[in-house]
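Asks: Sharing a structure below in structure tokens format, with a few things to ask.
The values are calculated or read from the model by the stated rules, or taken from the named source; none is laboratory data. Just so you know, these numbers come straight off a predicted model, no measurement behind them. All Cβ positions, glycine included, derive from the backbone under ideal geometry; neighbour counts span all protein chains shown. For accessibility, only protein heavy atoms count, side chains too; no ligands or nucleic acids. Shrake-Rupley method; radii C 1.70, N 1.55, O 1.52, S 1.80 Å.
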Amino acid sequence: MLDDMTKTLVEESQTSATGSTGMATRTTCPYCGVGCGVLASFDDNGARIVGDPDHPANFGRLCSKGSALGETLELKGRLLYPMERRSDGALARISWDRALERTAQRFKQIISEHGPDAVAVYLSGQLLTEDYYVANKLMKGFIGSANVDTNSRLCMASTVAGQKRAFGADTVPGCYEDLDVADLVVLVGSNAAWCHPILFQRIMRNKEERGARLIVIDTRRTATAEGADLFLQIAPGMDQALFAGLLIYLARTAAVDAAYIDRFTSGFDAAIRSAKELTPNIAATTALTGLREADVGRFFELFASTERVVTAFSQGVNQSAQGSDKVNAIINCHLATGRIGKPGASPLSLTGQPNAMGGREVGGLANSLAAHMGFDPASIDRVRRFWSAPSVVEHEGLKAVAMFEAIAQGKIKALWVVGTNPAASLPDADRARAAMRKLDFFVVSDNTRSNDTINSGAHLLLPAQAWGEKSGTVTNSERRISRQRAFLPSPGEARPDWSIFSAVARRMGYAGFDFRSAADVFREHAGLSAFENDDARDFDIGALAQLTDADYEELSPTQWPHRAGEAKGRLRFFGDGGFFTPDGRARFVSPKTPSMATQVSKPFPLRLNTGRIRDQWHTMTRTGASPRLGRHLPEPFVDINPADAAEFGVTHQGLARVSTRWGECVLRAHVTEAQPRGHIFAPIHWTDETARQARIGALVAPYVDPISGQPEAKATPAAIAPQAYAREGFLLARKPVAFPRGEWWTRVALAGAVGYRIASDRTDQEWLAFLAEESSTDDMVEFRDEQTRALRVARFDGDRPELFLSLGQTAQPWDASLAIFAENGLAGSQRRALLSGRSEATSDDGPEVCVCFGVGAKKIQAAIQEGCGTTNAIGERLRAGTNCGSCLTEIRSMILSQRRAGGEL
Ligand SMILES: Nc1nc2c(c(=O)[nH]1)N[C@H]1C(S)=C(S)[C@@H](COP(=O)(O)OP(=O)(O)OC[C@H]3O[C@@H](n4cnc5c(=O)[nH]c(N)nc54)[C@H](O)[C@@H]3O)O[C@H]1N2
Ligand SMILES: Nc1nc2c(c(=O)[nH]1)N[C@H]1C(S)=C(S)[C@@H](COP(=O)(O)OP(=O)(O)OC[C@H]3O[C@@H](n4cnc5c(=O)[nH]c(N)nc54)[C@H](O)[C@@H]3O)O[C@H]1N2
Ligand code: SF4
Ligand SMILES: [Mo]
């Protein structure tokens, strides 16, 4: 049974969602930290997602992931009811009442037996600020433990540490507009073209329209580097040496702003002294960074001579054992030139997740208390009074990697994971996984019924509302708070995360969790930010503390700080000092001598770099459902330099086994000059849900930056070797199949089917037996060829293909098979089409225009002649152009040229 409060709430969110049908709901993209505004509405084809022209992050534009959001909304695979693991290991549906009671009781019991630090909550930068606020209040104010950390530890922690050291607070000084008006943009450890695409577009527009220059500093040549005026392919872990060298150069060439240094900063001389030890001159910088002297010189010169320079940085900086030092080395150069918080001149951290910033604001990290306050006695007392909290924790908690280590050691006995997939995303993920299996009580709040974390022995699953259903706020990379609004009905019994935390808190007997709406939570959060603030703390949104429910509903994007009495938020910080250190001065922080957490060795001679691809989001729980997004890079892969490939016997498009001290994966090798010698790169997106042996987190060393606790995810010593299988091919199925051990497979999202790319040592007989087991009928056709070792089998359910396997040297073209598989009425001779890879309908059909549905030019031309005069009409008749849309321009021009030929135009 739902308690009353939640009932109202679920009803409320349902009416508000259905109420929006027909007109567009203004909301925010749930993916990256750019935080683009979107308009969501419905038409006959389902949800329609377009960019919000009025949102200041994107002005109407969306990247491929944002545009494909409509394809990720289906309820297949969704967790819709609370579920409990039975003694036989299966999950069974239970009531909310039982789920909440069990969570509250088990937490209380473990706390009473082992103390508050025996429980932990692991959160996510993909939660809304309201969710985060309630979780943090429950843990740090009432349970009395700071063992609440977040996946932002793996993401932004080094930036937080660096900014706190330099500014006295976790303040982002600049804003997006700076990227439009800078004359030089330096991107460090950022593949913005793929990871912050809309910001990258803004930079490129600035380049085109204003002639701004772009310098990219990365260990490999990325899509971002392709757009740069100067690309510096730096040795891993050496960014702080490069920026220490730059600091020396700036001082030497009198490019520093002595007045700014003098008035607003401290520690400059010490920073120069230590930078001199590290990189006394360009030659020393060159030696450490592995760069060409001329390139270093050009970078230094451009930086020194350009007043308006933005240095934007991301995970190549943060995810390092020296991440905090890298951040400070960058900030040092901006402080020294006074280029901070001025139009077009600032350091700018590009946050990863949509609400990594919001999480930092509420105190979602184990080393901050709440509302950008730390664990000093005054803050502890202030928060205690504001919350009327009985047991405000007085010390920092365990940071993510240490938290999972404490779980492994049995010190933490209960864990609540919310909105993140640590079994895949933590370093040394196999160890994290084994640790979770040992928990006395393990609860997961998620949208999905199955992920690697849930499948690591979770005892209880709590269904959370997903994007489109939930409502609240997020903060993007430029401190801009935007609303996420529901536009879909809340499915099953899913609830907002904040209400789940509140309900558990109430059942644990705590007062102060009677929130009736997200707006209620937000007002309290805003109130705390302003409480006894008096401009002493950067994070202050006091102006929003009194919003009515209607104001909150209408809230338009606003930047913090937005103090009470001010008409709007603030664009920039620190242009004229005003730092949050005790003396109000910024600190120069001297970077230590760079040293990697790990060394390459004979058994592990390469460095494994990990990161992202354009069209997938993290562990693919959402983007993995989109056929369109699956087409860009459908398989887990490893990039390797041709010379390394030759040395280790790896071939382009062959499979390769990548191993480290911690684990191993089997990945498709992409041999490419973009990858420097000595380094390989693999994406982070595949998990045990979507592939066998491609969960890259299992390979990553668990070493962290000593200050931020952020793991060095981009430089694990690794080995690579070819991995041979007897044959490769693919399987198309109507529903997911369970492969036996030993098979390499990876799942590809398809419309109306599930696709698997496979590599296999199994014999024809074994495959036939497997397919028979997976099939519901005996109706099949089969083709075998000893010479090419080809095996093709199609099994039918009536006239509908149910399974289709193609293995061997002449495996069919995937797209053509897919088009035939997608047809429902395959009778008689057409059945053989699957085996030959050519349906009668598509044979001799001219060049393939629509690759999604295998529709050729001749067929489209025939349809136009028969009267299909629009791309929609073609789509209705042939399906061409109705999937990814890449061929629409071509179809349109075919229509136009026929109309021209017919004298119509
Ligand atoms: N498509 C897509 N976009 C995303 C995400 C996604 O999953 N998919 N996730 C979002 C999230 S949460 C985040 S955190 C961001 C991350 O955004 P980015 O940080 O841009 O992405 P990454 O691919 O993790 O890493 C960036 C680059 O750092 C480089 N690098 C590695 N080591 C070093 C080094 O020592 N020095 C330097 N200078 N560079 C180095 C890598 O080669 C890589 O190209 O992306 C966000 N946007
Ligand atoms: N090797 C390596 N490891 C990395 C990185 C790397 O570059 N290299 N990057 C790190 C970084 S920067 C990040 S941000 C992490 C990301 O890693 P994760 O956070 O582990 O990845 P996601 O796939 O985003 O997991 C989100 C989960 O939350 C669920 N979810 C989504 N929305 C909601 C919601 O509103 N409520 C609830 N309760 N659940 C929800 C989804 O279904 C999914 O299961 O990975 C980190 N790990
Ligand atoms: S740039 Fe980021 S926020 Fe904008 S549409 Fe793409 S993924 Fe969404
Ligand atoms: Mo991230």
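Asks: Can you tell me the mean projection area, over all orientations, of the convex hull of the chain's alpha carbons? Units nm², please. Mind showing how you got there, number by number?
Replies: Working: hull surface 153.6 nm².
Its average projected convex-hull area is 38.4 nm².
Asks: Keeping the other protein chains in place, figure out the carbon and sulfur percent of the accessible area of the stretch 727-836, with a 1.4 Å probe. Show your work: numbers first, answer last.
Replies: Working: 2240 of 4710 Å².
Looking at the stretch 727-836 in its full context, I get 47 percent from C and S.
Asks: Further question: For Cα pairs less than 8 Å apart in space and 6+ apart in sequence, what is the mean separation divided by the residue count of the chain, i.e. the relative contact order in percent? The partial results should precede the final answer.
Replies: Numbers: 2071 pairs, mean separation 125.3, N = 905.
Relative contact order here is 14 percent.
Asks: Counting only C-alpha contacts under 8 Å and six or more residues apart, can you give the relative contact order of the stretch 689-800 as a whole percent? Before the final figure, lay out the partial values.
Replies: Details: 125 pairs, mean separation 21.4, N = 112.
19 percent.
Asks: Are there trypsin sites (Lys or Arg not before Pro) in the stretch 755-789 that DSSP puts in a loop and that have at most 16 other Cβ atoms within 10 Å, and which ones? Don't skip to the answer; put the middle values down first.
Replies: On the way: sites: R757, R762, R784, R789; in loops: R762, R789.
Listed in order of number, the matching sites are R789.
Asks: By per-residue mean of other Cβ atoms within 10 Å, what is the highest-first order of 773-780, 54-61, 591-598?
Replies: On the way: 773-780: 13.6, 54-61: 19.2, 591-598: 17.5.
Result, highest mean Cβ count within 10 Å first: 54-61, 591-598, 773-780.
Asks: Only loop residues by DSSP count here, and only those with at most 11 other Cβ atoms within 10 Å; note down the trypsin sites (Lys or Arg not before Pro) in the stretch 72-140 that meet that. Each step should come with its number before you reach the end.
Replies: Details: sites: K76, R78, R85, R86, R93, R98, R102, R106, K108, K137, K140; in loops: K76, R86.
Here the sparse-neighbourhood loop sites are K76, R86.
Asks: Moving to a separate point now. Per residue, what accessible area does the stretch 727-836 have, given a 1.4 Å probe and all protein chains present, in Å²? Don't skip to the answer; put the middle values down first.
Replies: Details: 4710 Å² over 110 residues.
Value returned for the stretch 727-836: 43 Å² of accessible area per residue.
Asks: Please work out the average accessible area per residue across the stretch 258-352, using the 1.4 Å probe convention, and give it in Å². Provide the component values of the computation, followed by the final result.
Replies: Details: 2970 Å² over 95 residues.
The answer is 31 Å² per residue.
Asks: On to the next question. Could you check the simple spin-label distance between D551 and R85, using points 7 Å along Cα→Cβ, in nm with one decimal?
Replies: About 4.6 nm separates the two model spin labels.
Asks: Further question on the same structure: Rounding to the nearest 10 and keeping the result within 0 to 90°, find how far the Cα-based axis of helix 377-387 lies from the longest principal axis of the chain.
Replies: 60
Asks: Additional query: Report the relative contact order of the stretch 179-274, percent, no decimals, based on alpha-carbon pairs under 8 angstrom and at least 6 residues apart.
Replies: Working: 102 pairs, mean separation 20.6, N = 96.
Relative contact order for the stretch 179-274 comes out at 21 percent.
Asks: Oh, and also: Modelled label-to-label distance, S388 and R677, 7 Å Cα→beta-carbon offset: nm?
Replies: It works out to 7.0 nm between the two label points.
Asks: Further question on the same structure: Would you work out the charge dipole size for the stretch 414-504 about its Cα centre, treating the Cβ of every Lys and Arg as +1 and the Cβ of every Asp and Glu as -1, and quote it to the nearest 20 debye?
Replies: Details: 11 positive and 9 negative charges, 45 e Å.
Magnitude of the dipole: close to 220 debye.
Asks: Let a ≥ b ≥ c be the square roots of the eigenvalues of the Cα gyration tensor of the stretch 606-722; is it rounded (a/c under 1.5), or, if not, prolate (a/b larger than b/c) or oblate? List each step's numbers first, then the result.
Replies: On the way: a/c = 1.69, a/b = 1.05, b/c = 1.61.
Oblate, since a/c reaches 1.5 and b/c is not below a/b.
Asks: Determine the shape class of the stretch 159-349: with a ≥ b ≥ c the square roots of the Cα gyration tensor eigenvalues, call it rounded for a/c under 1.5, and otherwise prolate if a/b is greater than b/c, oblate otherwise. Could the numbers behind the result be given before it?
Replies: Values: a/c = 1.38, a/b = 1.18, b/c = 1.17.
Rounded, because the longest to shortest axis ratio a/c is under 1.5.
Asks: Another one. With θ set to phi - 60° and the Karplus curve 6.51 cos²θ - 1.76 cosθ + 1.60, what are the ³J(HN,Hα) couplings of the stretch 281-294 in order, to the nearest whole Hz, using x for Gly and Pro?
Replies: For the stretch 281-294, the Karplus curve yields 7, 4, 4, 5, 4, 4, 4, 6, 8, x, 8, 7, 4, 5 Hz.
Asks: While we're here: To the nearest 10 degrees, how steep is helix 323-336 against the longest Cα principal axis of the chain, on a 0 to 90 scale?
Replies: Once rounded, the angle reads 60 degrees.
Asks: Calculate how steeply helix 239-252 sits against the longest principal axis of the alpha-carbon atoms of the chain, using the helix alpha-carbon long axis, and give the answer as 0 to 90 degrees to the nearest 10.
Replies: Between helix and principal axis, roughly 50 degrees.
Asks: E226 to D514: extension gain in nm, 0.36 nm per residue of separation minus the Cα-Cα distance? Mind dumping the intermediate values first?
Replies: Numbers: separation 288, 0.36 × 288 = 103.68 nm, distance 5.28 nm.
Here the segment from E226 to D514 would lengthen by 98.4 nm.
Asks: Moving on. Leaving ligands, DNA and RNA out of it, report the carbon-plus-sulfur percent of the accessible area of the stretch 159-349 at a 1.4 Å probe.
Replies: Values: 2720 of 5600 Å².
Exposed carbon and sulfur together represent 49 percent of the surface.
Asks: Determine the shape class of the stretch 727-836: with a ≥ b ≥ c the square roots of the Cα gyration tensor eigenvalues, call it rounded for a/c under 1.5, and otherwise prolate if a/b is greater than b/c, oblate otherwise. Before the final figure, lay out the partial values.
Replies: Working: a/c = 1.37, a/b = 1.23, b/c = 1.12.
Taking the square roots of the gyration eigenvalues as a ≥ b ≥ c, the stretch 727-836 is rounded.
Asks: Which chymotrypsin sites (Phe, Trp or Tyr not before Pro) from the stretch 753-793 combine a DSSP loop assignment with at most 10 other Cβ atoms within 10 Å?
Replies: Numbers: sites: Y756, W767, F770, F783; in loops: none.
Filter output for the stretch 753-793: empty list.
Asks: Run down the lysines and flag those whose C-alpha is under 23 Å from the C-alpha of K342, throwing out any fewer than 8 positions away in its chain.
Replies: K164, K207, K326, K568
Asks: At 1.4 Å probe size, with every protein chain present, just tell me what the per residue accessible area of the stretch 66-194 comes to in Å². Spell out each step's value before the answer.
Replies: On the way: 3390 Å² over 129 residues.
I get 26 Å² per residue for the stretch 66-194.
Asks: Round to a whole angstrom and tell me the spacing of the C-alpha centers of the stretch 630-669 and the stretch 45-61.
Replies: A separation of 37 Å, based on Cα centres.
Asks: Let me ask something else about it. In the stretch 606-722, what percent of the accessible surface is made up of carbon and sulfur (1.4 Å probe, ligands and nucleic acids excluded)?
Replies: Details: 1790 of 3450 Å².
The nonpolar share, carbon plus sulfur, comes to 52 percent.
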